[in-house]
Amino acid sequence: MEKVCIELENIELSFLDKMVLNIPRLAVHQFDRIGIVGKNGAGKSTLLKLMAGLIQPDQGYVRSFIETGYFDQLNAPTQKDVDYDLRGKLSIPETEIKNFSGGEQTRLKLAQIFSTYYEGLFIDEPTTHLDAEGIQFFIEELTYYYGALILVSHDRYVLDQLVTKIWEVEEGHITEYTGNYSDYVAQKELQKKQQQEQHDKYVKEKTRLMKAADDKMKKAAKVTEANGRISKKETRAKANKMFMTKSKDTSQKNIQRAAKAIEQRVEQLDVVEAPKEEKIIRFHQSHALQLHNKFPIMADRLTLKAGEKLLLKETSFQFPLGKIIAITGKNGSGKTTLLRHILQYGEGITISPKAVIGAYEQMDYQFVADKTVIGLMKENSDYADSKIRSVLHSMGFIGNDLKKNVRNLSGGEAIRLVLCQLFLGRYNVLILDEPTNFLDVFCIEALETFLKGYEGTVLLVSHDRTFVDRVADYIYVIDDQNLRLGN
């Protein structure tokens, strides 16, 4: 039996009167490979920090019996030694850290944590900013790792490749599922199917009982009506036969009692709610926004540079109307630069005159308007209130979130609101640069649903392999200073 490496018992951890984690018992064993999933703000990173000893619980205790390493995507790398071979494999530049791109910083931090052997690794969102090559290196480095791995990630492909258990964090509680992310999804779907079957069974039994109770009450009413039709003369004539009337009264009361008993049985049924159905939200465009150019974005022998670095050399392309086009390639190949060049209507680019472009770029978002979430959305959208609320709900804005002042939103909330604005806004072309970064898996899946229901043209850059595979109609690759159609 594998030894216990980390043990949590009777854990309670709150923040501003909200219970963040409530864990009776949880353990990490010697060779566990655990993926932690949950919505933004559910407590995934908090759980990781708790196990790593970086924060302390309000109640309960955490015991660690091993030496562990901790990777935090949000912290900048420090200047310390890195294994020479790893530096080469990860193409880490020989320059000051302040000059590193986001992807290069992530590579350096990974090289640093992999340069020392730890019996346990806590890794929080390691693939943000990494290109496909960097993600593959990360997977290969950990495939044969000899120790306990606890990983928080929104990258479903990475979770499928590396973990054998999923911990789902929801409302402070942890539910464990055996298998990788795909296995977890299959188990959730099975639970959903079983819940639907139980709901159908509950509704059927409730309907049957309610009909039986209604029939009894109708029968009782008929007895009452029959008694009421007996004339006074007949009543006097039958005065000496009191037992007959009494018998009818008793019969009536018995029927009513039987009806009440059935109604009580209905109240005693275990209520089974129907599972929530995720419906594709359709974003229908007004006639004024409809494009008729077969190719709304084109380039003819485009040459593109970043400073002195040549990114694209005499490249031509035609992006088709109403399709989702994904652009992939290594870090530094020119993906973001190309998107910006298109947004700026740069030299060599031809864009339909009727194109109205909405853009999501990699940056920190800060709203300056003094408005509520729902107020801002209504002001900038032609869709009905119900559609706006449905889209916001899909992106995690529920209840009082809709009344929040947009100036007070967290970085993650602001990003989600910007994406909602784009899909509900007055645009017919969307340009999205790494839209899945900093979103939880559930919001990424909501974004996929949005894209499937969007009628406009979408041009996006993403290193999330699963996301691209699920949404893209065409995948282009920037390689060797050329943009070519991938497989």
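Throughout, read-outs are computed from the coordinates displayed, never taken from laboratory work. For clarity, every value in this text was computed on a predicted model and none was experimentally measured. Cβ placement follows ideal geometry from the backbone for every residue including glycine, while neighbour counts extend to all protein chains displayed.
Sequence-distant or interchain residues sharing an amide H contact under 5 Å with L460, placed H: which?
So L460 has HN proximity to I325, A326, I327, L432.
What are the residues whose amide H is under 5 Å from the amide H of G179, where those residues sit 5 or more places off or on another chain and H is modelled from the backbone?
K165, I166
Count the lysine pairs in the range 269-339 whose Cα atoms sit under 18 Å apart, keeping only pairs 8 or more residues apart in sequence or on different chains. Let's see the in-between values first.
On the way: K294/K323; K305/K313; K305/K330; K305/K335; K309/K330; K309/K335; K313/K330; K313/K335.
Lysine pair count for the range 269-339: 8.
Apply the Karplus parameterisation 6.51 cos²θ - 1.76 cosθ + 1.60, with θ equal to phi minus 60°, to every residue of the range 295-303 and state each ³J(HN,Hα) to the nearest whole Hz, in sequence, with x for glycine and proline.
10, x, 10, 9, 9, 10, 6, 7, 10
Between L439 and residues 5 or more places away or on another chain, which pairs have amide H atoms under 5 Å apart, with H built 1.01 Å from N, and which residues are they?
The answer is none.
For the range 400-454, what is one quarter of the convex hull surface built on the Cα atoms, given in nm²? Don't skip to the end; give the middle numbers.
On the way: hull surface 17.6 nm².
It is 4.4 nm².
As a test of the formula, what do you get for the chain when each DSSP H run with n ≥ 4 contributes -39,500 (n - 2.57) and the sum is divided by the residue count, at 222 nm and rounded to the nearest 500 deg cm²/dmol?
Numbers: 14 runs with 186 residues, N = 487.
The helix-only estimate for the chain comes to -12000 deg cm²/dmol at 222 nm.
Run the simple label-point estimate for A306 and E140 please: 7 Å along Cα→C-beta, distance reported in nm.
A separation of 2.3 nm, rounded to one decimal place.
Would you mind computing, in nm to one decimal, how far apart the modelled labels at E176 and D270 are, each placed 7 Å from Cα along Cα→Cβ?
Calculated label separation equals 2.4 nm.
Hey, which aspartates and glutamates would be in cross-link range of K378, C-alpha to C-alpha under 16 Å, not counting anything within fewer than 8 residues on its own chain?
The qualifying aspartates and glutamates are D370, D401.
I need the phi-derived Karplus couplings for the range 114-127: 6.51 cos²θ - 1.76 cosθ + 1.60, θ = phi - 60°, integer Hz, Gly and Pro marked x.
7, 6, 10, 7, 10, 6, x, 10, 9, 10, 10, 6, x, 9
Could you list, bin by bin from short to long, the percent of Cα-Cα pairs of the chain in 20 Å steps?
Histogramming the chain at 20 Å steps yields 19, 43, 23, 10, 5, 1 percent.
Using a Debye calculation, one point per C-alpha and no hydration shell, please list log10 I(q)/I(0) for the range 271-375 at q = 0.13, 0.15, 0.20 Å⁻¹ in order.
-0.71, -0.86, -1.18
What list of ³J(HN,Hα) couplings, whole Hz, do you get for the range 450-456 from phi and the Karplus terms 6.51, -1.76, 1.60, once you set θ to phi - 60° and write x for glycine and proline?
Working through the residues one at a time gives 4, 5, 5, x, 8, 8, x Hz.
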